[in-house]
Amino acid sequence: MANFIIDGVKVETLAVDDITRAEAEKYVAYVQERVSEPIREIRVIGLPDGTINLDYELRGPKFERIRRITGYLSGDINTWNNAKRAEERDRVKHGLDGVDFEEKNIYREQFASEAKGDGLIMPR
């Protein structure tokens, strides 16, 4: 069993003992031509009939958190000026913290009757 790291892709071999780095690079290139997402790992698996099976995992796409603030969408707050950051920091965050158990149950019952099964998630 041989392991390689090629262009940030982990290449692991199973039941293939004589693979070279050049062959592993070709397998990485082969998979990269066929997928659009970055590759995390490739497993080169030798089968009893002498053929090779390529099993691979992709990295998920990067995502950015988007916030809706008073009618407009905003991405990363790192681009905000100091006043806007202070406004976000001082904003009241709504939740059920500080509410006693009985009040939470009343809220849940009210929420459940309003939701009427439209797939909404109940707060805990």
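One chain, two ends: Glu87 and Gln32. Fully extended at 0.36 nm per residue, the span grows by 15.3 nm beyond their Cα-Cα distance. Take the Cα pairs of segment 3-58, get the Kirkwood Rh, then feed it into Stokes-Einstein at 10 °C and 1.306 mPa s and tell me D in µm²/s. This corresponds to a translational diffusion coefficient of 141 µm²/s.
Spacing of the modelled spin labels on Glu41 and Ile6, each 7 Å from Cα toward Cβ, amounts to 1.7 nm.
Computed from the coordinates by the stated procedures, all read-outs in this text should not be read as laboratory data. For clarity, every value in this text was computed on a predicted model and none was experimentally measured. Please note: Cβ atoms are built from the backbone with ideal geometry, for glycine as well, and neighbour counts cover all protein chains shown.
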